[in-house]
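Remarks on the structure that follows.
None of the figures in this text is laboratory data; all of them are computed from the coordinates on show. Because the structure is a prediction, the values reported are computed rather than measured. Glycine also receives a Cβ, built like all others from the backbone with ideal geometry; neighbour counts cover every protein chain displayed.
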Amino acid sequence: MLIKQKIIALLAATGLVLLAPISVHAESASNDNTSDSIDFQSWNNVTAIGKFETLGITNPKLANFRWWMEGQGRFGNDGTRFSQAIVRPGLGYQVNRTTQVWLGYAWAPTSAPFAGTSFDEQRIWQQLSWADRFKIGPFNPTFALRTRFEERWVEQWKDPSGDTGYRFRQLARVLIPVPQAPNFGLVLANEIFVHMNNAWGASGPHSGFDQNRAFAGGAYTINKFARAEIGYMNQTLNRFNNTNLMDHILSTNLFLNF
């Protein structure tokens, strides 16, 4: 009975997040713009998470601590121009079997077409991650929720209205292995972004809905340390006093867990 209640709660949470694309169009309708700008992009990601003993550090006091290292390359303008990189290290703690807390830093140099003027963004991020596997008939899906807060700075855009942008992100995802071929699986995910304040003047973020990312793709478990995922991501961005963006993204990911 308890497992059923957990599954219902997870599906409810996921369902609420998946309503985000509807809110995007509702928000867009309130703007003066009547059409979106569309771009095809390619995003590539490698994320590694591990115990410190895998780095040769065997202090028992660090047994529940984890390290995180992530690198991304994003290509815009129909996938022809390198437009953004993200380097994201972090330090985490394994609270229990299903839950982790994280604190980290991110550097995101950004250029056209993601930005009219190139800039370097610095971030501090805090994160709560939860994941668990369930048995539903012949399937063994893994549900995951990730809540992330970000503090963001752009040196070039200092403004009296505020130099720090605060953003909330909520991700919900499910990985469903194929029963006859458990190394293969289906991945569905959705993440909503919300600006918590106005920052960086007229050209910066404004409080409210920022963007939504919906992903559908396939997964392949290479071995106990590595999993690859590839699929389609739809990203819708709400821009204040500007044309909204709709990006069609080929998303490739390699996840390493040591």
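Descriptive notes on the structure:
- Straight Cα distances below 14 angstrom link Lys61 to the aspartates and glutamates Glu53, with same-chain residues fewer than 8 positions distant left out.
- 3J(HN,Hα) from dihedral phi, the range 128-137, Karplus parametrisation 6.51/-1.76/1.60, rounded to Hz, x for glycine, proline: 10, 10, 9, 8, 7, 9, 10, 10, 10, x
- Low-density loop positions, chymotrypsin sites (Phe, Trp or Tyr not before Pro), the range 218-247 - DSSP coil, at most 16 other Cβ in 10 Å: Phe225, Phe240
- The modelled label-to-label distance between Ala112 and Ile38, using points 7 Å beyond Cα along the C-beta direction, is 2.2 nm.
- With R₀ fixed at 30 Å, the C-beta to C-beta distance from Ala216 to Phe149 puts the FRET efficiency at about 0.70.
- The packing ranking, built from the mean of other Cβ atoms within 10 Å per residue, places the peptides 145-153, 175-183 in the order 145-153, 175-183, highest first.
- Modelled label positions at Thr54 and Asp132, each set 7 Å beyond Cα in the direction of Cβ, lie 2.4 nm from each other.
- J(HN,Hα) series, the range 185-196, from Karplus relation 6.51 cos²θ - 1.76 cosθ + 1.60, nearest Hz, glycine and proline x: x, 9, 10, 10, 8, 8, 9, 10, 10, 9, 6, 8
- For the range 120-179 versus the range 196-251, the spacing of their alpha-carbon centroids is 11 Å.
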